[in-house]
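Reading through the structure tokens given below for one structure.
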Amino acid sequence: MTANPNKWLIIILALGVFGILNTEMGVIGILPLIAEHYAVSIATAGLAVSLFALAIAVSGPITPLLFSRMNRKTTMLLVLAIFILGNAVSAATSNFTLLLIARVIPALFHPVYVSLAFTAAASSVSKEEAPKAVSKIFIGVSAGMVLGVPVTSLIAEATSLSMAMIFLALVIALVFLATFLFVPAMPVSEKVSYGAQVSVLKRSAIWLSIAAVIFMNGAVYGVYSYLAEYLETVTNMAWSTVSFALFLYGAANIVGNFLAGKLLATYAYKCAVIFPFVLGAVYIVMFSMGQIGISMFFIIVIWGVVAGIGANINQYWITSAAPEAPEFANGLFLTSANLGTTFGATVCGLFITGMGTPYVVLGGFLFLLLSSISVLLRSSSSINAKQFT
């Protein structure tokens, strides 16, 4: 670490986020095996995913705030240990209720580690370089979402459900070891009181930022939630091709994270304003040419890149409204993003039910319109837009 400690710190943080996202998303690919192993319905097995996400949404603004005054290295080690224990219990238990408990408890601490990773990455470099550092943490997020499902599924099918859970524990154990050995102590230099951090909620800019993130994330993941169904029913792809298309989207998402760091470092405010229009253009092309397989592959790549940039915009948009309370702001970001995914999937599902799968993009357009309004309203609020240019 002596050559470039900040570089290695960011790599370890990104790997930690990757491991935690693996725990969250990895079980999606093995839900049928969970249902079979615990003798429950597939809908009941889905609680292993939905309760995890709900715990994140509930604890997002709370647990990062509670740990915001503790040494960051100590906090990270504590959270990683909780995740290791949770995955170990998941691997060993034959009781479905205990499995859910072993997932929900770590999920409550998910926002602590992720928000700390964003904060520590940003504070390890200059203010101008912070968006680039944060974008590298988002690579860990995207990689966890892209690789978590297929890798965990492959291990479970080749060995057993327990071995898949053990794999999740081992990934985080490696991060725990790297954190313990190579990450220096990171005491909080300025301990902002809990009251002072919560007081940022008095600002209209914070609430407008929360609304913008909910709507922007809803626009992306509301439509993305039904991408597999869209590709099967509208594009008429075989399931093996659908799997490749989903992987392609994830890979493009990682590329978007790389680009976002450079764009936000120079054009943060402009990116937030332009984003809804660019994604809207992608959805227009998707609606017009989604029936054509080759065209859809190009659309998915562009969509994935734009969505990767959008995730970084969301995080920046909230934290820039409360720079003196970074952990709390990052917790608000995680809650807002999860709420956006939930609302987006619900509304887009209603469009599919009422009008058919091709019209899922209309739900996306609705959220994009609302996000544009929120962004423009914030630009005229107490925080001057010039500070983002």
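Mean-square fluctuation check for the chain, GNM, Cα pairs under 10 Å: which of 317, 207, 303 is largest?
207
Sorting 38, 194 by accessible area (1.4 Å probe), largest first, what list results?
Details: 38 25, 194 90 Å².
Heavy-atom accessible area, descending, gives 194, 38.
Roughly what would the spin-label model give for residue 233 and residue 181, points 7 Å off Cα along C-beta, in nm?
Placing both labels 7 Å beyond Cα along the Cβ direction yields 5.1 nm.
Taking the Cβ of residue 49 as the centre, find all other residues whose Cβ is under 12 Å away and add up their charges (Lys, Arg: +1; Asp, Glu: -1).
0
What does the accessible area per residue of the range 228-303 come to in Å², with a 1.4 Å probe and no ligands, DNA or RNA counted?
In whole numbers, the range 228-303 has 48 Å² accessible per residue.
Beta carbons within 10 angstrom, averaged per residue: use that to sort the peptides 40-48, 16-24, highest first.
16-24, 40-48
Only one of the values (1) 32, 25, 21; (2) 46, 30, 21; (3) 30, 29, 19 was calculated from this structure for semi-axes √(5λ) of the Cα gyration tensor in Å; name its label.
(3)
Rounded, prolate or oblate, given the Cα gyration tensor of the range 36-110, with a/c below 1.5 counting as rounded?
Working: a/c = 4.37, a/b = 1.82, b/c = 2.40.
The shape class here is oblate.
What is the local net charge at residue 332, summed over the other residues whose Cβ is closer than 15 Å to its Cβ (Lys, Arg +1; Asp, Glu -1)?
In short, +1.
At most 15 other Cβ atoms within 10 Å and a DSSP loop assignment: could you name the GluC sites (Glu not before Pro) in the range 121-201 that fit? Before the final figure, lay out the partial values.
Details: sites: 128, 129, 157, 190; in loops: 128, 129, 190.
Of the GluC sites (Glu not before Pro), the ones in loops of the range 121-201 whose Cβ has at most 15 other Cβ atoms within 10 Å are 128, 129, 190.
How much of the accessible area of the chain, in percent, comes from carbon and sulfur atoms when a 1.4 Å probe is used?
72
Between residue 201 and residue 369, take the C-beta separation as r, use R0 = 22 Å, and let me know the FRET efficiency to the nearest 0.05.
0.30
Please give the net charge around residue 17, taking every other residue with its beta carbon less than 11 angstrom from that of residue 17, where Lys and Arg add +1 and Asp and Glu add -1. Please report the intermediate quantities before stating the final value.
Details: positive: 136; negative: 24.
Result for the neighbourhood of residue 17: 0.
I'd like the Kirkwood hydrodynamic radius of the range 42-189, using the inverse of the mean 1/r over distinct C-alpha pairs, in Å.
About 16.4 Å, per the Kirkwood formula over Cα pairs.
With every protein chain kept in place and ligands, DNA and RNA left out, what is the accessible area per residue of the range 10-118? Probe 1.4 Å, answer in Å².
Accessible area per residue: 35 Å².
Sort 286, 25 by heavy-atom solvent-accessible area, probe 1.4 angstrom, most to least.
Working: 286 0, 25 35 Å².
Descending accessible area places them as 25, 286.
The values are calculated or read from the model by the stated rules, or taken from the named source; none is laboratory data. A quick note: this is a predicted structure, and the numbers were derived from the prediction, not measured. Here Cβ is always computed from backbone atoms with ideal geometry, including for glycine, and neighbour counts include all displayed protein chains. Each accessible area value is taken on the protein alone, full model and side chains, heavy atoms only, with ligands, DNA and RNA left out. Shrake-Rupley method; radii C 1.70, N 1.55, O 1.52, S 1.80 Å.
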